[in-house]
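Q: I have a structure here, written as C-alpha cells, and I will follow up with some questions on it.
The values are calculated or read from the model by the stated rules, or taken from the named source; none is laboratory data. The shown structure was predicted, so the numbers you read here are calculated from the model rather than taken from an experiment. Please note: Cβ atoms are built from the backbone with ideal geometry, for glycine as well, and neighbour counts cover all protein chains shown. Quick note on the areas: whole protein, heavy atoms, side chains included, nothing else; ligands and nucleic acids left out. Shrake-Rupley method; radii C 1.70, N 1.55, O 1.52, S 1.80 Å.
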Amino acid sequence: MRTAFYGGAKQVKKYKYNAINLYGKRFQGTFLAENEKDLRRQLAKQNLYLVSARVDTEKSPNPFFSLTGKVSVGELSTFCRQFAIMITSGTSIVDSLAILKGQAYSSYLKKVLEHVHEDVKAGKLLSEALAKHKRVFPNFFRSMVRVGEISGAIDKVLVAVADYFETDNKMRAKTKSALIYPCILIIMAIGIIVLMVAFIIPTFQDALASLEVEMPALTLALYDISAYFRQHWMQIVLIIAAVVFVCFVFVRTKGGRYQWDKWKFHMPYVGNIIKNNISARFCRSFSLLVGSGMDIVDAMDEVCIVFGNTYVAGQFKKAADDVRQGMTLTMAMESYKLFPTMLVQMVSVGEQTGDLESVLSRSCSFFENQAERAISSLTSIIQPIILCIIGASVGILFYAVYSPLLQVMNTLGT
C-alpha cells in the first residue's frame, strides 16, 4: 500500500517503531505514516501492536567515509543484474532488496541499499526511494526504473541497464588501458630531464671546474638552468602545485567544467574519440529509453546525463527544446553538429521507418569500434612523438655534458 503521494497531498514521516504481536514477540523497524495514530493503524493491519515510536531523522549515508565517495559502474552493473534475476524469478522488490543489501558490495552501497529497502518496505515506489540517493543512482538509471514501474517490465529494464553499464564500463577500461603507455612515457621523459638537470649536470660541472676549458654556450646555459633549479626547486614545485590546484578547482566549477569539456570536444584526435564515445552511449541509452516507452523529448532530456560532457549535454538540451517546438530529431541533431554524420543518417532512417530503437541499438557496436580505432590512432601518433622528445632531450644533455670532456681529451692528445 502506498502511503506517499506525488505532489505532497499528504505529509508523511518516517518512524522507527517497537511493536509486539499476539504472542508477545517484539519487532523493530521503520514505517511511513502521517502520525503515530496512522502508524498504529497500519501496524494493526499486520497484527502488530505499537509499543513506542519516534520520527527517524537519519539522513542518507555520507559518502565521505567511502573509499571513492561514489559507487563504481561495475558495482552498479552487478547490482542491476542480480536485482533483475531476482525479480524475474518472482521475488518481490522488497524481498529482493532485503537479500541484495547483504551481498558483497562496498559498505557505502550496502548502507544506501538498507535505506532504499526501508523506504520501499514502508510504502514508497522504488524510483522514489532511489531518488533520495542521487549520488549513487544517476538520473538515467532512476529514469529507467521509473519507466519500468510504469510499463510493468522492471525486470527487462534492469537487464537492459545492466548490459548498458557493463558495455560502458568496458569502453572506459579500454580507453584507460590504451592511454597508460603514453602516460608512462611522459613521466619517464620528465623524470630523465629532472635527473639530468638536478644530479648529473652538477657532478660534471664540479669535475670540470678546475680544468681550463672553454665551455660551449649550450653547456653554460644548462649549468645556469641546473643551478637555478637546485636553488629554487622548492619554489618551482610549489608554483607547479599551485597551478595544478587552480586548474583542478577551475575544472570543478560549473563554468570551468563547461569550458574544459568544450575544449576537449574540439581538440584534434581527442575530440574524435569523445564524439564516438558519446555517440555509442547515445545509441545504447536512447534506444533503451525509447524502447521502454518513453517519449522522444523526455528521452532526450534524460539521456544527457550519460554523455559525461557538460558542453555536449548543454547543446543537446537545446536540441531537445527544438524538437519540443516541432523540429524533427534528425534536423535538431544536424543543427548542433554534436554527432558524426553517420549517426545523424541512422537517426533519419530510424525516424522514417518508425523503428528508431532497433536502428540505434544496432549502431552501438559501430561507434564503439570507431572509438577504439580513434584511440589506437591517437596512441600511434603520441608514442613516437614522446620517444623523439625523450631522445632529443637525452641527446642534447649528453652533448652539453660531454663536449667539454672531448675538448679536454683533444687538448691532451695534442
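Q: Check residue 111 against each of (1) open to solvent by less than 50 Å² (accessible area, probe 1.4 Å); (2) in contact (Cβ under 8 Å) with a residue 24 or more places away in the chain; (3) more than 30 Å from residue 388 (Cα to Cα); (4) in a helix (DSSP H, G or I) and name the one condition it does not meet.
A: (1)
Q: Okay, next question. Does the stretch 91-107 hold any residues that are at pLDDT 85 or above, of a type in the set (Ser, Thr, Tyr) and touching a helix residue (DSSP H, G or I) at 6+ places or on another chain (Cβ under 7 Å), and which are they?
A: Result: 96, single match.
Q: With under 14 Å from residue 281 (Cα atoms) and small (Gly, Ala, Ser) as the only criterion, which of 319, 313, 332 stands out?
A: Of 319, 313, 332, the one residue that is under 14 Å from residue 281 (Cα atoms) and small (Gly, Ala, Ser) is 313.
Q: Sort out which residues of the stretch 128-144 are more than 15 Å from residue 96 (Cα to Cα) and of a type outside the set (D, E, K, R), and write them in order of number.
A: If the condition is that a residue be more than 15 Å from residue 96 (Cα to Cα) and of a type outside the set (D, E, K, R), then 131, 133, 136, 137, 138, 139, 140, 141, 143, 144 are the ones that fit.
Q: Could you please find all residues in the stretch 164-174 being open to solvent by less than 30 Å² (accessible area, probe 1.4 Å) and under 14 Å from residue 79 (Cα atoms)?
A: 164, 165
Q: Any idea which of (1) closer than 22 Å to residue 382 by Cβ; (2) in contact with a helix residue (DSSP H, G or I) (Cβ under 9 Å, 6 or more places away or on another chain); (3) part of a helix (DSSP H, G or I) is the one residue 267 doesn't satisfy?
A: All conditions are met except number (3).
Q: A further question on this structure: Return only the number of the condition from (1) touching a helix residue (DSSP H, G or I) at 6+ places or on another chain (Cβ under 8 Å); (2) surrounded by fewer than 16 Cβ atoms within 10 Å (Cβ to Cβ); (3) without any contact (Cβ under 8 Å) to a residue 60 or more places away in the chain that residue 332 does not satisfy.
A: Failed condition: (2).
Residues are listed down the side, and each one gets a yes or a no for (1) surrounded by 14 or more Cβ atoms within 10 Å (Cβ to Cβ); (2) without any contact (Cβ under 8 Å) to a residue 12 or more places away in the chain; (3) under 20 Å from the mean Cα position of the chain (by Cα):
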| residue | (1), (2), (3) |
| --- | --- |
| 187 | no, yes, no |
| 214 | no, no, no |
| 219 | yes, no, no |
| 231 | no, yes, no |
| 242 | no, yes, no |
| 256 | yes, yes, yes |
| 261 | yes, no, yes |
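Q: For the stretch 133-163, enumerate the residues that are open to solvent by less than 10 Å² (accessible area, probe 1.4 Å) and either within 13 Å of residue 74 (Cβ to Cβ) or touching a Phe, Trp or Tyr at 6+ places or on another chain (Cβ under 9 Å) (or both).
A: 136, 140, 141, 144, 145, 158, 161, 162
Q: In addition: Select from the stretch 281-329 the residues that are without any contact (Cβ under 8 Å) to a residue 60 or more places away in the chain and at positive phi and write down the one among them that is nearest to the chain's Cα centre (by Cα).
A: 308
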